[in-house]
Amino acid sequence: HSRGGEPLLAIGTVTSMTMHPLAHTESHVALYRLVNGERLQLLHRTKVEDGPVLALAHFQGRLLVGIGKTLRLYEMGKRQLLRKCELRGLPNMVKSLQAAGDRAFVGDMLRSMQIVRYDSTSNRLVLVAHDPFPRPVASQELLDWNTVAVGDKFGNICVLRLPRGADTGAVDLTGTRALWDSSREDSTPKMECLCQYYVGEVVTSMTRASLVAGGAESLIYVTVTGRIGALVPFTSRDDVEFYTQLEGFLRTDASRPTGRDPCNYRSYYAPVKHVIDGDLCDAFNSLSHEEQSSIADKLDRTVGEVMKKLEDTRNGLL
């Protein structure tokens with residue numbers, strides 16, 4: 001909170017909401033104060049228009065709220081929240097929000113990600129970039145200042161990055177560009193897809209974390225059935241080449257209980273990109289000794305070295 005650093009809790013509420021057809025009676029943002037770390041004290045409730053409140057985020061001492069197709073910035077008031085600025089015309093409905101510096105990463109319910117920047121000089125929110133691929137966002141996690149990981153309702157995980165130099169033209173310091181030009185579909189920079197991978201289940205949540213003390217951070221995700229998985233970043237080119245070759249050999253040599261090609265499965269909605277199938281690589285341990293020896297010879301390694309490499313990668317995470 002911008003006044004005194006007091007921690008506050010904001011909650012979005014919707015009254016009489018129906019999903020089909022999508023409708024509701026009214027929406028509010030309730031603000032609570034934490035008293036002695038034991039109970040919550042209601043400060044005030046602010047009625048909002050334009051849609052249901054599905055996403056809230058702390059943003060530079062203020063409150064950023066996703067209301068239907070509108071992204072709105074509020075500041076603390078004595079009797080209710082005070083509207084400072086807003087960005088209208090987002091594709092469908094704001095589903096998730098994350099803030100970093102003067103940027104907000106907005107996940108849309110049907111139209112993937114948008115990056116919005118707050119211009120403090122003119123007090124307005126400006127659309128910096130968007131992802132043209134229609135992804136129904138279910139979860140998201142910031143990886144760095146320019147990169148965000150997204151899980152969608154079809155069971156895909158992708159990593160999107162803001163193109164280099166795209167942010168420099170977002171804020172017009174001269175004031176000559178019309179305000180409506182900043183949100184044109186053809187003029188807005190498009191985010192780059194760095195990685196694409198089909199998990200097979202809806203990814204309900206994800207976070208960056210290290211599961212061992214002193215270990216490198218990985219992207220941990222959970223699915224709708226309770227499955228927990230991780231995407232581990234490679235730190236050396238040797239690891240990339242080793243696992244790429246191992247995955248290629250196992251695609252042809254590993255058993256297929258369903259008869260499906262592993263590459264086609266991981267590319268169910270979009271071609272797999274820059275992600276190694278760890279489940280397939282782990283199938284090396286279940287092969288017969290002759291098959292293991294054949295693959296190890298192709299890799300110019302022994303069977304023990306291949307198993308040790310797999311074990312070291314697993315131990316680095318767990």
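The values are calculated or read from the model by the stated rules, or taken from the named source; none is laboratory data. Owing to the predicted nature of the structure, the values given are computational and were not obtained by experimental measurement. Here the Cβ is made from the backbone with ideal geometry for all residues, glycine too, and neighbour counts use every protein chain on show. With ligands, DNA and RNA removed, areas are computed over all heavy atoms of the protein, side chains included. Shrake-Rupley method; radii C 1.70, N 1.55, O 1.52, S 1.80 Å.
Being part of a strand (DSSP E or B), in contact with a strand residue (DSSP E or B) (Cβ under 9 Å, 6 or more places away or on another chain) and farther than 23 Å from residue 115 by Cβ is the requirement here; does residue 40 meet it? In short, yes.
Given the criteria hydroxyl-bearing (Ser, Thr, Tyr), at pLDDT below 90 and under 23 Å from residue 136 (Cβ atoms), does residue 198 qualify? Considered against the rule, which asks whether it is hydroxyl-bearing (Ser, Thr, Tyr), at pLDDT below 90 and under 23 Å from residue 136 (Cβ atoms), residue 198 comes out as no. Taking the stretch 75-86 as the range and being open to solvent by 20 Å² or more (accessible area, probe 1.4 Å) and either of a type in the set (Lys, Arg) or outside any loop (DSSP other than H, G, I, E, B) (or both) as the test, the residues that pass are 75, 78, 79, 82, 83, 84, 86. Among residues of the stretch 267-293 being touching a helix residue (DSSP H, G or I) at 6+ places or on another chain (Cβ under 7 Å), of a type in the set (S, T, N, Q) and in contact (Cβ under 8 Å) with a residue 12 or more places away in the chain, the one that is nearest to residue 136 (Cα to Cα) is 285. The set of residues in the stretch 114-166 that are in a strand (DSSP E or B) and aromatic (Phe, Trp, Tyr) contains only 118.
Test residue 95 against the criterion of being out of contact with any Cys (no Cβ under 9 Å at 6 or more places or on another chain), open to solvent by 30 Å² or more (accessible area, probe 1.4 Å) and modelled with pLDDT of 90 or more, and give yes or no. Yes, satisfied.
Look at (1) more than 18 Å from residue 155 (Cα to Cα); (2) open to solvent by 70 Å² or more (accessible area, probe 1.4 Å) and you find that residue 225 fails only one, number (1).
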